[in-house]
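To start, the structure itself, in structure tokens.
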Amino acid sequence: MTSLSDLPIRDDLRGLTPYGAPQEHVRIALNVNENTHPVPEAVARDIVIALAEAVLTVNRYPDREFTELRESLAGYLGHGLTAENVWAANGSNEVLQQILQAFGGPGRTLLLFPPTYSMHSIIAAGTGTQWIAAERDDGFEILPETAVRAIREHRPDIVFFCSPNNPTGTSVSLETIAAAYDATDGIVVVDEAYAEFAPADSATALTLLDGRERLIVSRTMSKAFAFAGARVGYLAADPAVADALRLVRLPYHLSALTQAAAIAALAHSGEMLAMVDDIKGQRDRLVVELTTLGYHAWPSAANFVLFGGVDDPHAVFESLLAQSIIIRDIGIAGHLRVTAGTEAETTAFLDALAGLGRPQP
Ligand code: PMP
């Protein structure tokens with residue numbers, strides 16, 4: 001049987017492992033930070049009506065500039081942004097890939113602050129961009145001087161921040177992002193996939209965009225918007241950034257059906273986001289109850305919680321899976337990550353974990 005190593009694959013891809021969050025059919029899936037609340041039925045109906053109309057013209061290529069979608073996204077973001085400031089793709093993973101295709105690539109470097117979203121380094125590998133790991137401060141924070149020191153040392157072409165950070169839930173301050181921007185001539189990306197779950201008074205890097213043409217804020221409809229299956233991610237930046245991405249995107253990369261569904265969903269952003277407060281409540285409950293159970297739960301501004309004090313993460317993961325509950329072993333020693341689900345799902349997870357006994361002090 002032919003194996004991957006028999007193929008004339010690029011040398012720099014040999015030995016790498018693909019993104020591999022398990023996709024199991026389980027009762028309770030709290031492993032990939034989805035919004036576990038389904039799309040409200042009234043909104044779903046409007047989306048279907050929009051799709052029904054769009055499908056009548058799928059003999060033609062879609063609007064390559066997805067102008068109406070960009071207008072809708074700009075309206076949703078606010079902060080004085082217009083359609084020219086916005087770009088979108090099939091999930092924010094594709095947005096990040098396009099950024100690395102345009103600004104990274106062979107001979108260029110990307111600075112990351114692990115532990116962070118695993119796809120950042122995988123997309124770097126796929127685009128031939130060399131990535132470099134920088135240190136975090138205590139509590140997974142990144143102080144301005146820490147970011148500046150790493151940038152001065154490594155002189156990267158691109159810096160990725162993730163705020164709130166997956167898998168730790170930690171936010172990155174605007175002071176750190178501004179200091180990093182001033183310390184580099186390269187591109188600074190803030191992956192804000194979980195921004196809507198941050199406390200209401202949290203500052204978003206969108207407020208830093210004015211006058212910073214090398215700053216990019218990436219967002220997604222996959223999390224707060226309960227739209228992971230539709231694959232819609234986007235960014236806000238100077239209009240020149242979209243000009244750069246036009247050079248690398250495939251023409252018509254956003255299908256007419258994707259555009260129609262996203263526009264219809266954005267017209268109902270209030271209802272689509274109605275569950276965010278509920279999810280934040282379950283996240284805060286997870287932090288409290290995991291602590292009561294004897295674990296160390298890290299504070300989180302996202303829709304998941306990282307918890308430590310787990311003697312054998314793999315064994316806990318497997319025991320929960322045996323009860324049809326899946327969470328995430330993200331490879332941090334002594335830690336696991338769990339997504340905040342509905343109240344019933346969160347209760348089922350906490351009860352099952354409690355049933356495994358208290359962790360060893
Ligand atoms: N950024 C972060 C930090 C994420 O955790 C995820 C999804 N897990 C994404 C981006 C990608 O999301 P999507 O491609 O669905 O927009």
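Derivation of every value follows stated rules applied to the coordinates shown; laboratory data play no part. If you're wondering where the values come from, they're calculated on a predicted model, not measured in any experiment. All Cβ positions, glycine included, derive from the backbone under ideal geometry; neighbour counts span all protein chains shown.
Go ahead and run the numbers for FRET between LEU321 and ASP185, Cβ-Cβ distance against an R0 of 35 Å, rounding to 0.05. Walk me through the intermediate numbers first.
Numbers: r = 47 Å, r/R0 = 1.35.
The pair LEU321/ASP185 has a calculated efficiency of 0.15.
A straight chain from ASP329 to THR67 at 0.36 nm per residue would run longer than the Cα-Cα distance by 90.3 nm.
Annotation note: trypsin sites (Lys or Arg not before Pro) in segment 31-92 located in DSSP loop regions with a Cβ neighbour count of at most 16 within 10 Å are ARG60, ARG64. Under a model in which nothing but the beta-carbon of Lys, Arg (+1) and Asp, Glu (-1) is charged, the chain shows a dipole of about 640 debye around its Cα centre.
Going through the DSSP H helices of the chain, which span 20 Å or more along their own axis at the Cα atoms while scoring at least -0.5 as a mean Kyte-Doolittle hydropathy?
Details: long enough: 41-55 (21 Å, 1.29); 276-292 (24 Å, -0.44).
Helix filter hits for the chain: 41-55, 276-292.
Rounded to 0.05, the FRET efficiency of the VAL288 and LEU250 pair, given R0 = 41 Å and the Cβ-Cβ distance, is 0.35. Using only side-chain charges placed at the Cβ, +1 for Lys and Arg and -1 for Asp and Glu, the dipole size of segment 176-242 relative to its Cα centre rounds to 300 debye.
Magnitude of the charge dipole for segment 129-210, about its Cα centre and with charges confined to Cβ atoms of Lys, Arg (+1) and Asp, Glu (-1), is about 220 debye. Calculated on the alpha-carbon coordinates, the convex hull of segment 279-333 measures out at 86 cubic angstrom per residue.
Amide H to amide H, with H built 1.01 Å from N, ILE132 comes under 5 Å of LEU110, LEU111, LEU112, counting only residues 5 or more places away or on other chains.
Helices in the chain, meaning DSSP H runs of at least 4 residues, each add -39500 (n - 2.57). Divided by all residues, the mean residue ellipticity at 222 nm is -11000 deg cm²/dmol.
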